[in-house]
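So the structure is just underneath, and the comments pick up after that.
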Amino acid sequence: MSSTPIAIHEHASEQLDATLAFLKRLRSELRETRRVQVATDWLRVFDVNGDCFEVVGIGYPDADITALLDALNAVYKRESIHNPIERPYKEFKTGKRRPWAEDRVMYGREANQGVFCDRRCCKSNTSSLPSRLWRFRSGGGA
């Protein structure tokens with residue numbers, strides 16, 4: 001387990017694309033990423049073995065940090081990422097995944113208009129929805 005970064009990149013405020021390219025290139029050198037540490041002036045990405053790489057010149061107060069965290073699939077709250085803290089850095093887990101077919105499921109008004117699926121039962125009101133679809137439509141659990 002190493003705390004010394006494998007590589008360090010100096011981020012310039014107008015060159016977000018260069019930093020994203022650096023992250024993409026070096027992710028291939030690490031195993032599966034596990035966590036990201038973000039301080040006021042640096043970002044570190046760690047893999048399962050504890051190896052890391054670092055981006056210097058950007059931190060959680062900067063607006064560009066959300067693009068970097070999204071590229072790393074970090075799990076964080078977009079509305080509170082820029083809030084200052086008393087600890088030396090913020091730490092987030094990586095590996096955020098989207099549920100299967102998330103982009104295909106429609107909720108709310110679209111379900112009543114037949115966009116939910118092309119079956120006849122879904123084109124009418126919610127009372128005719130099959131029970132297996134009703135729990136998704138009403139927002140209830142299984």
Contact list, first residue from the stretch 52-80 and in the same structural domain as Thr40 (by TED's automatic domain parsing) and of a type outside the set (Gly, Ala, Ser), second anywhere and surrounded by fewer than 16 Cβ atoms within 10 Å (Cβ to Cβ) and part of a strand (DSSP E or B), beta-carbon distance below 7 Å, six or more apart or interchain, is Glu54/Ile8; Val56/Ile8; Val56/Glu10; Val75/Lys93
Listed by first then second residue, the pairs whose first member lies in the stretch 1-29 and is acidic (Asp, Glu), whose partner is at pLDDT 90 or above and in a loop (DSSP other than H, G, I, E, B), with beta carbons under 6 Å and at least 6 positions apart or on separate chains, are Glu10/Gly57
Note on the stretch 40-53: residues of a type outside the set (Asp, Glu) and surrounded by fewer than 16 Cβ atoms within 10 Å (Cβ to Cβ) are Thr40, Val48, Asn49, Gly50
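Of the residues Tyr60, Tyr76, only one is touching a helix residue (DSSP H, G or I) at 6+ places or on another chain (Cβ under 7 Å) and assigned to a loop (DSSP other than H, G, I, E, B); which?
Tyr76
The values are calculated or read from the model by the stated rules, or taken from the named source; none is laboratory data. No experiment lies behind these values; they were computed from the predicted model shown. So basically every Cβ, Gly included, is an ideal-geometry build from the backbone, and we count neighbours across all protein chains shown.
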